[in-house]
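Asks: To start, I am sharing the structure in question, which I have written as structure tokens.
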Amino acid sequence: MRNKEIIRITEKYSAHNYHPLPVVIKKGKGVWVWDVEGKKYLDMLSGYSALNQGHCHFEIIKVVREQVKNLTLTSRAFYNDKLGFFLKKLCLITGYEKALPMNSGAEAVETAIKAARKWGYYKKGVKKDKAEIIVCENNFHGRTITIVGFSSEFQYRDGFGPFTPNFKMIPYNDSKALKKAITKNTVGFLVEPIQGEGGVIVPEPGYLKECYDICKENNVLFIADEIQTGLGRTGRLFACDYENIKPDILIVGKALSGGFYPISAVLCDNHIMDVFKPGDHGSTFGGNPLASAIGIAALDIIIKEKLPQRAFKLGNWFINELREIKNPMIKEVRGKGLLIGIELKQKARPVCEALMHEGILAKDTHDYVVRFAPPLIIKKEELVWALERIKKVFTRM
């Protein structure tokens with residue numbers, strides 16, 4: 001069956017909450033994917049950074065095959081023989097005392113919000129139902145009612161109210177605004193070290209450290225959403241590592257599974273995590289043995305294959321090469337590691353469609369930005385191949 005026929009069937013029976021590029025992917029291996037007609041593409045989106053380890057990594061496949069023969073789900077009503085080792089590895093790698101496993105990134109953000117609020121009431125002494133969390137304009141933390149309620153994007157909110165109260169929004173990349181917004185009821189500051197969905201917005205050097213220090217001075221939890229930026233994507237294990245800060249609460253997901261299964265987690269130390277008691281929070285699938293086995297393998301690959309270091313070296317080279325492209329359409333090239341955005345002076349969708357015809361899959365974000373975020377296992381010669389075609393598209397357009 002050809003691309004067009006499968007797209008027609010999908011559009012007929014699917015809710016129209018996405019606008020994909022017109023390609024139907026059937027197979028993936030490493031940094032490459034193939035459509036149903038056999039055409040080969042370089043994946044420069046990598047599942048919104050869920051595929052840092054590449055498509056169908058053989059070590060994770062091996063783990064999946066072994067685990068599905070034995071046990072896939074117990075719920076948290078019982079212990080299983082994989083969860084403890086997964087959480088131990090995750091805590092040792094990140095330097096936290098406790099981890100709480102969930103499934104999607106949005107679930108992990110909701111978990112962090114619950115932890116911060118309960119910490120505020122039981123540890124900081126905020127009066128009942130007065131806890132405030134500060135967020136940033138142009139944020140993207142997920143799609144639940146609570147999360148879209150504190151988005152500044154009209155479309156994300158339109159038709160979904162009423163929303164959860166007590167979220168205060170400030171400009172991104174403005175530490176003075178944070179200091180001014182904090183009150184006695186502020187329990188947390190939720191921030192993306194780089195705003196990915198917002199257009200690959202990189203804050204000024206020192207911004208995160210300034211915000212972290214302000215939070216410490218005011219007994220406010222610094223909560224970093226590293227679902228997209230974490231686990232090597234930006235050239236460090238976590239983007240916060242660039243400023244040598246350890247968030248009070250760290251939110252991870254996406255590449256935690258290598259693209260095989262929804263896995264996310266919230267990490268923090270005992271004095272925060274111990275606000276949760278049995279029955280306070282949970283997930284039927286969170287921390288299941290299949291997810292835990294996959295998570296162990298995914299983390300091992302990131303460390304063993306030195307993916308953060310690869311992203312740093314190749315990302316710096318690729319960003320510099322993209323900045324050398326002279327075209328009046330291009331407003332700015334920005335990013336860190338292999339999370340890169342080209343902001344245009346016109347809509348980015350036609351550029352992404354042109355790139356697709358050249359064998360490169362990238363996606364527009366925030367209308368005017370082409371995002372490049374290939375699997376971190378990519379080789380320099382593959383980036384050179386991509387660069388030639390990117391230049392060709394901009395020359396032609």
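Asks: Between region 327-397 and region 28-69, what is the C-alpha centre distance in whole Å?
Replies: Result: 21 Å between the Cα centres.
Asks: Within the P(r) computed for region 6-91, what percentage of the Cα pairs occupies the region above 21 Å?
Replies: Taking all Cα-Cα pairs of region 6-91, the fraction more than 21 Å apart is 55 percent.
Asks: Moving on. Take the alpha carbon atoms of region 239-335, find their radius of gyration, then divide it by 2.2 N^0.38 Å using N residues; give the quotient.
Replies: Expressed relative to 2.2 N^0.38 Å, the Cα Rg reads 1.49.
Asks: Filter the GluC sites (Glu not before Pro) in region 300-337 to those in DSSP coil with at most 10 other Cβ atoms within 10 Å of their Cβ, and list the result.
Replies: Glu324
Asks: Another question, then. Counting Lys and Arg as +1 and Asp and Glu as -1, each charge on the Cβ, what is the dipole of the chain about the Cα centre in debye, to the nearest 20?
Replies: Value, rounded to 20: 320 debye.
Asks: Which whole-number percent is the relative contact order of region 58-304 (Cα, under 8 Å, 6+ apart)?
Replies: 32
Asks: Between (i) 21.1, 62; (ii) 26.9, 118; (iii) 20.8, 73, which matches Rg and Dmax of the Cα atoms in Å calculated for the structure shown?
Replies: (i)
Asks: If you average the C-alpha positions of region 262-293 and of region 83-152 separately, how far apart do those two centres end up, in angstrom?
Replies: Between the Cα centres of region 262-293 and region 83-152 lies a distance of 11 Å.
Asks: Find the all-direction average of the projected area of the Cα convex hull for region 60-111, expressing the result in square nanometres with one decimal place.
Replies: 4.6
Asks: For region 63-171, run through the trypsin sites (Lys or Arg not before Pro) and keep only the ones in DSSP coil with at most 16 other Cβ atoms within 10 Å of their Cβ.
Replies: Those satisfying the criteria are Arg76, Lys127, Lys128, Lys130, Arg143.
Asks: Okay, next question. If I build a Gaussian network model for the chain, linking alpha-carbon pairs within less than 10 angstrom, which residue out of Leu92, Leu256, Leu42 has the largest mean-square fluctuation?
Replies: Comparing Leu92, Leu256, Leu42 in the GNM, the peak value goes to Leu92.
Asks: Same structure, new question: How do Phe86, Phe150 rank when sorted from fewest to most other Cβ atoms within 10 Å of their own Cβ?
Replies: Fewest to most other Cβ atoms nearby, the residues stand as Phe150, Phe86.
Asks: Then there is this: Report the one residue of Val187, Tyr121, Gly95 whose Cα lies farthest in the direction of the positive end of the charge dipole of region 58-304 (charges on C-beta: Lys and Arg +1, Asp and Glu -1; origin at the Cα centre).
Replies: Tyr121
Asks: Dividing the alpha-carbon radius of gyration of region 112-226 by 2.2 N^0.38 Å (N being the number of residues), what value is obtained?
Replies: This ratio for region 112-226 stands at 1.02.
Asks: Kindly provide the GluC sites (Glu not before Pro) of region 44-99 that DSSP labels as loop, not H, G, I, E or B, and whose Cβ sees at most 14 other Cβ atoms within 10 Å.
Replies: Glu97
Asks: Given the rule -39500 (n - 2.57) for each run of at least 4 DSSP H residues, summed and divided by the residues of the chain, what is its mean residue ellipticity at 222 nm, to the nearest 500 deg cm²/dmol?
Replies: Result for the chain, helices only: -11000 deg cm²/dmol.
Asks: With r as the distance between the Cβ atoms of Lys380 and Glu358 and R0 = 22 Å, compute the FRET efficiency 1/(1 + (r/R0)^6) and round to 0.05.
Replies: That gives a FRET efficiency of 0.70.
Here, each number is a calculation from the coordinates, and none is a lab measurement. Predicted, not measured: the structure shown is a model, and the values here were computed from it. Neighbour counts run over all protein chains shown; Cβ positions are idealised from the backbone, glycine included.
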